[in-house]
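Novice: Dropping a structure here in structure tokens format, bear with me for questions.
The values are calculated or read from the model by the stated rules, or taken from the named source; none is laboratory data. Bear in mind the structure is a predicted one, so any value in this text is a computation, not a measurement. We place every Cβ from the backbone using ideal geometry, glycine too, and count neighbours over all the protein chains shown.
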């Protein structure tokens, strides 16, 4: 498989497994595009949730992603669901969460917002925010 096909295959697989492909629930530690139904289901189930407002052009967002991936792989956060909100195309969701900038992280424990940060890149601080979801 060429190097160009591998990312396309992974993207197709991710799309097939996403909540957009059907009614499959978000898996723990998974980053999924924000969908209101999946978010409501996770809240109703009392799941730890992190809403990540990001943009592909944002250097702070790029710094946050590997930190969030490492935390999602941590057994302490095995039930965490991360919902990604595209800053450029999801203005409706930005209004819903009153998120005014990319690189915004919003923590929820079920239906209750437990914290938020904007522009944070310190792993310890992001971890502290994610711990508030437990």
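Novice: Considering only the stretch 110-118, I want to know if a residue exists there that is surrounded by 20 or more Cβ atoms within 10 Å (Cβ to Cβ), closer than 16 Å to residue 34 by Cβ and in contact with a strand residue (DSSP E or B) (Cβ under 9 Å, 6 or more places away or on another chain).
Specialist: no
Novice: What do you reckon, is residue 83 in contact (Cβ under 8 Å) with a residue 40 or more places away in the chain, within 18 Å of residue 35 (Cβ to Cβ) and touching a strand residue (DSSP E or B) at 6+ places or on another chain (Cβ under 6 Å)?
Specialist: yes
Each row is one residue, and each column tells you yes or no for (1) in a loop (DSSP other than H, G, I, E, B); (2) modelled with pLDDT of 95 or more; (3) farther than 23 Å from residue 94 by Cβ.
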site: 11; (1), (2), (3): no, no, yes
site: 31; (1), (2), (3): no, no, no
site: 49; (1), (2), (3): no, yes, no
site: 60; (1), (2), (3): no, yes, no
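Novice: Hey, another quick one. Out of all the residues in the stretch 101-134, which are part of a strand (DSSP E or B) and in contact (Cβ under 8 Å) with a residue 40 or more places away in the chain?
Specialist: Residues satisfying the conditions are 104, 105, 106, 107, 108, 109.
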